[in-house]
Structure formats: C-alpha cells, structure tokens
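Comments concern the structure below.
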Amino acid sequence: MEKYITKTENETIEVGKKFAEGLSVGSIVALNGDLGCGKTAFVKGIVEYFGNSDDVSSPTYTLVNEYDGTVQIYHFDVYRLENPAPEQCDWMDDYFFSDGISLIEWADNIKAVLPENTIMVTFKKLPEKGEDYREIIVE
Ligand SMILES: Nc1ncnc2c1ncn2[C@@H]1O[C@H](COP(=O)(O)OP(=O)(O)OP(=O)(O)O)[C@@H](O)[C@H]1O
Ligand SMILES: [Mg+2]
C-alpha cells in the first residue's frame, strides 16, 4: 500500500503522473472516492504522462472517453451505473482486455465485473485537515 497526501489539484495531477510510471498495456485502475475528491485530476496526470495534452473531463453521455498517446487510455466514469446487471457490463471487457490502459471512476459501482488484477486507488477528503486536503491510497 502507498499513501500520498496532496493539497492542490496540481499536486494530485503530479501524483497521477508518478503513478503512471508503473502502468503498462493491460493495466486496469479503479478510482473510488466522493464527488470532487480528485479522481479526474489524477486521470489528467496519467493521460499527460502518456503524452497526450488534451483536456480531460469525466465522460458524461458516454461511459468512456478515449485518449491517444504512447499507450491508448480508456477513461470510464460509471457514476450513473449503480448495481448494473453483469451482462450490462459485458462490452467493457473489450476495453479491459485490450492493448490500452483502463481507468475507472466510481469503479465500486461495477465491482463484480472488475478483473482480478485491478489496481485500487482510493481518494479521501479530510475536511478537518483543510478544504483542499486529499489522501490518495494505492493498493
Ligand atoms: N488536493 C486536491 N486534489 C485534487 N483536486 C482538488 C484538490 N484540492 C482541491 N481540489 C478541487 O477539487 C475538485 C476535484 O475535481 P475532480 O473532477 O478531479 O474530482 P472527481 O473525484 O473526479 O469528481 P467526480 O466524482 O464528480 O467525477 C476540483 O475542483 C479541484 O480544483
Ligand atoms: Mg471525475
């Protein structure tokens, strides 16, 4: 387990970049934590690390955004998919078992269909330590 503390959005982007060094084709990363805790900021860092400077925002009407780079990145946000039937998620396997990297915001919503080797990243706000304080735990 690794734990990072950040106090600005940029610091979270930097932690994402550093974390990205350990990723490779086929990596699957679950990103969990409350609204506004920095999941998308972390994804920005990863997308930048793989050489793409596009704006990163959570996919809204589609569940997945794609970013080209030195490795293809698939950015999911499954906030609106609560307790889906497993067959509703079958299409995701084409991304999970592809030649790209999958990053999944609100992955706990689809816990049952996450592959076994998924890397878990949890974001926590601790308001008593300041509005912008975040803990990022990788396991
Ligand atoms: N330490 C920090 N790390 C990341 N973001 C921070 C931090 N401190 C403040 N912020 C602010 O918190 C917000 C984080 O937004 P972001 O979209 O990354 O969250 P999210 O977890 O993806 O939310 P959602 O679940 O709604 O998709 C931004 O407005 C950012 O400026
Ligand atoms: Mg987000």
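Descriptive notes on the structure:
- Any hit, segment 35-44, residues being touching a Gly at 6+ places or on another chain (Cβ under 8 Å), open to solvent by 80 Å² or more (accessible area, probe 1.4 Å) and under 17 Å from Glu105 (Cβ atoms): no
- Matching residues in segment 57-71 - criterion: being open to solvent by less than 30 Å² (accessible area, probe 1.4 Å) and more than 17 Å from Lys18 (Cβ to Cβ): Pro59, Val64, Tyr67
- Qualifying positions in segment 45-56 - touching a Phe, Trp or Tyr at 6+ places or on another chain (Cβ under 9 Å) and either outside any helix (DSSP H, G or I) or open to solvent by less than 80 Å² (accessible area, probe 1.4 Å) (or both): Gly45, Ile46, Val47, Phe50, Asn52, Asp54, Val56
- Note on segment 23-34: residues that are within 16 Å of ligand 2 (Cβ to nearest atom) and open to solvent by 60 Å² or more (accessible area, probe 1.4 Å) total 1.
- For the residues Thr118, Thr40, Thr122, the requirement of being within 12 Å of ligand 2 (Cβ to nearest atom), within 14 Å of the chain's Cα centre (by Cα) and among the polar types (S, T, N, Q) singles out Thr40.
- In the set Ile110, Ile137, only one residue is within 26 Å of Met1 (Cβ to Cβ), within 16 Å of ligand 1 (Cβ to nearest atom) and assigned to a strand (DSSP E or B); that residue is Ile137.
- Pairs where the first residue, in segment 30-57, is among the polar types (S, T, N, Q) and the second is near ligand 2 (Cβ under 9 Å from one of its atoms), C-beta under 6 Å, 6+ apart: Thr40/Ser58
- Any hit, segment 79-101, residues being within 16 Å of ligand 1 (Cβ to nearest atom), open to solvent by less than 30 Å² (accessible area, probe 1.4 Å) and touching a strand residue (DSSP E or B) at 6+ places or on another chain (Cβ under 7 Å): no
- Only residues that are surrounded by 19 or more Cβ atoms within 10 Å (Cβ to Cβ) and part of a loop (DSSP other than H, G, I, E, B) were counted across segment 1-22, and they come to 0.
- Any hit, segment 77-98, residues being more than 13 Å from ligand 2 (Cβ to nearest atom), aliphatic (A, V, I, L, M), without any contact (Cβ under 8 Å) to a residue 60 or more places away in the chain and part of a helix (DSSP H, G or I): yes
- Residue check for Leu103: within 14 Å of ligand 2 (Cβ to nearest atom), within 14 Å of the chain's Cα centre (by Cα) and under 23 Å from Asp34 (Cβ atoms): yes
- Condition check for Trp91: aromatic (Phe, Trp, Tyr), modelled with pLDDT of 95 or more and on the phi > 0 side of the Ramachandran plot: no
The values are calculated or read from the model by the stated rules, or taken from the named source; none is laboratory data. Since the model is a prediction, treat every value here as computed from it, not as a measurement. Virtual Cβ from ideal backbone geometry, glycine too; neighbours counted across all protein chains shown. Side chains are part of the model used for accessible areas, which takes the heavy atoms of the whole protein and leaves out ligands, DNA and RNA. Shrake-Rupley method; radii C 1.70, N 1.55, O 1.52, S 1.80 Å.
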